[in-house]
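For reference, the structure is listed below as structure tokens.
Nothing in this text is a laboratory measurement; each read-out follows from the coordinates by a stated rule. A quick note: this is a predicted structure, and the numbers were derived from the prediction, not measured. Here Cβ is always computed from backbone atoms with ideal geometry, including for glycine, and neighbour counts include all displayed protein chains.
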Amino acid sequence: MSHYFTNENLKSNIKKVLVKVSNNTFTFNTDNGVFSKKGMDFGTRTLIEVLLKENLYGDILDVGCGYGVIGIILSSFFNNKINSVSMVDVNLRAIHLTKMNIKENKVNNCNAFVSNVYENIDKKYDFIITNPPIRAGKDIVYKILKEAKDYLKENGCLYYVINKNQGALSSIKEMKKISKVEVLEKNKGFYIIKCIF
């Protein structure tokens with residue numbers, strides 16, 4: 001769980017991983033102390049595959065971005081329709097890696113900065129996307145999900161991935177209180193959920 005918050009005491013050991021999505025190959029720098037350092041996890045892959053079928057445009061925020069996989073891949077695929085992709089994480093090492101990966105993958109409409117959930121966010125977005133940090137606890141996950149509405153433009157959408165064993169059904173029930181919820185896909189226990197506010 002420490003990789004969600006701080007990792008100053010972990011020795012750095014940057015490695016490159018290749019991620020292939022729809023015949024495009026991306027290179028990502030990863031390191032100790034970040035989520036899924038050995039490559040893109042199945043939940044993130046499923047979320048990205050669903051998002052590639054959606055009509056994304058405008059300004060996107062990736063909350064809990066890790067080393068930048070979601071934002072960078074979406075920026076690459078939707079380059080002509082996306083104005084900006086902001087990627088935030090509480091983990092300073094993750095943000096450093098994300099900045100490296102923005103350069104590595106030559107995406108020019110992306111930025112990354114440290115933020116504890118929405119703490120340093122000062123604008124509204126068309127879409128907020130997250131693979132929330134489940135091990136950080138339910139309070140943090142629900143803060144990311146519920147407070148998204150305050151950082152979305154009118155008719156904005158939140159997309160997230162969560163496993164059934166990690167609270168997918170209870171998160172859907174909770175989000176139905178404040179948004180219109182659609183389950184876009186279920187794959188090996190992972191739910192891809194869209195919330196329209």
Largest fluctuation, PHE28, PHE78, PHE113 only, Gaussian network model of the chain with Cα springs under 10 angstrom, belongs to PHE78
Between the modelled labels at GLU147 and LYS81 (7 Å from Cα along Cα→Cβ) the distance in nm is 2.9 nm
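In the chain, which longest range has no GluC sites (Glu not before Pro) that are both DSSP loop (not H, G, I, E or B) and surrounded by at most 13 other Cβ atoms within 10 Å? Show your work: numbers first, answer last.
On the way: sites that count: GLU8, GLU119.
The reported range is 9-118.
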For the pair ILE172 and SER12, the simple spin-label estimate (label points 7 Å beyond Cα toward Cβ) gives in nm 4.3 nm
The rounded separation in angstrom of the Cα centers of region 46-118 and region 151-197 is 19 Å
If R0 = 22 Å, then TYR57 and ASN111, at their Cβ-Cβ distance, give a FRET efficiency to the nearest 0.05 of 0.80
With Cα springs under 10 Å, the Gaussian network model of the chain assigns the largest mean-square fluctuation among VAL21, VAL88, VAL161 to VAL21
For LYS99, the aspartates and glutamates lying under 17 Å Cα to Cα, once residues fewer than eight places off in the same chain are dropped, come out as ASP31, ASP62, ASP89
Per the helix-only model, the chain has a calculated mean residue ellipticity at 222 nm (DSSP H runs of ≥4, -39500 (n - 2.57) each, divided over all residues, rounded to the nearest 500) of -7500 deg cm²/dmol
In the structure shown, of LYS53/LYS124; LYS53/LYS180; LYS37/LYS194; LYS20/LYS153; LYS138/LYS194; LYS124/LYS194, the pairs separated by more than 28 angstrom at the C-alpha atoms are LYS20/LYS153
Both in Å, the radius of gyration and Dmax of the C-alpha trace of region 17-116 are 12.2, 34
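Could you give the dipole magnitude of region 45-197 about its Cα centre, charging the beta-carbon of Lys and Arg +1 and that of Asp and Glu -1, in debye to the nearest 20? Let's see the in-between values first.
Details: 23 positive and 16 negative charges, 81 e Å.
I would put it at about 380 debye.
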Across SER12, SER76, SER36, the residue with the highest GNM fluctuation in the chain (Cα network, 10 Å cutoff) is SER12
Labelled set (1) 15.4, 44; (2) 19.6, 64; (3) 19.7, 76; Rg and Dmax of the Cα atoms in Å computed from this model equals the value at (1)
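Using 0.36 nm times the number of residues separating ARG135 and GLU104, minus their current alpha carbon distance, what extension gain do you get? All intermediate terms of the calculation are to be shown ahead of the outcome.
Working: separation 31, 0.36 × 31 = 11.16 nm, distance 2.90 nm.
Contour length minus the Cα-Cα distance gives 8.3 nm.
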So, with points 7 Å from each Cα along the Cβ direction, the LYS188-LYS38 label distance in nm works out to 1.3 nm
When THR25, THR98, THR44, THR30 are ranked with the fewest other C-beta atoms within 10 Å first, the list becomes THR25, THR44, THR30, THR98
Loop-resident trypsin sites (Lys or Arg not before Pro) in region 18-48 with no more than 11 other Cβ atoms inside 10 Å, DSSP not H/G/I/E/B, are LYS38
